[in-house]
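Below is one structure, written out as structure tokens, with a few remarks after it.
FYI, it's all coordinate maths here, none of it is from the lab. Note that this is a predicted model, so its numbers are computed, not measured. A quick note on method: Cβ atoms are made from the backbone with ideal geometry, for glycine too, and the neighbour counts reach across all protein chains shown.
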Amino acid sequence: MKIVNLAFFLSFVLFVASCGGESGFDGKYEAAGGAQEFVFKSDGNVAQSLMGKKVADFKYEKNGNEITIYINEETSQLFSLKEDGTIVGPGEIVLKPIN
């Protein structure tokens, strides 16, 4: 049974990895007056920094106005790209684009 579960899990991971979101999305966004920063890269990676210090790298997918950041294999967070260019996430965190 463990082998079947492992096979299912690996199949799911491969499926998620193969699901192509939109490519080419990138940009720098900040929250909390610049204390928190997210840098999205067009290769599907996003880096998070706190107080100017990089703390984590995640994978993300963008589909339409929805951005899903994968914290790990079991956890993800959904963000929404708004018409004004901001991104709103869990807890109503607002990420503002920086040039």
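Couple of notes before you dig in:
- Length-normalised contact order of region 24-93 in % [C-alpha pairs under 8 Å, at least 6 apart]: 17 percent
- Looking at region 39-95, the GluC sites (Glu not before Pro) that sit in a DSSP loop and have at most 15 other Cβ atoms within 10 Å of their own Cβ are Glu73, Glu74, Glu83.
- Fully extending the segment from Glu73 to Ile93 would add 4.9 nm, taking 0.36 nm per residue of separation and subtracting the current Cα-Cα distance.
- Cα gyration tensor shape for region 38-98, rounded if a/c is under 1.5, else prolate or oblate: rounded
- Set of lysines near Lys53 by C-alpha distance (under 27 Å), chain-local residues within fewer than 8 positions excluded: Lys28, Lys41, Lys62, Lys82, Lys96
- Computed extension length for Ala31-Lys82: 16.9 nm, one decimal, from 0.36 nm per residue of separation with the Cα-Cα distance subtracted.
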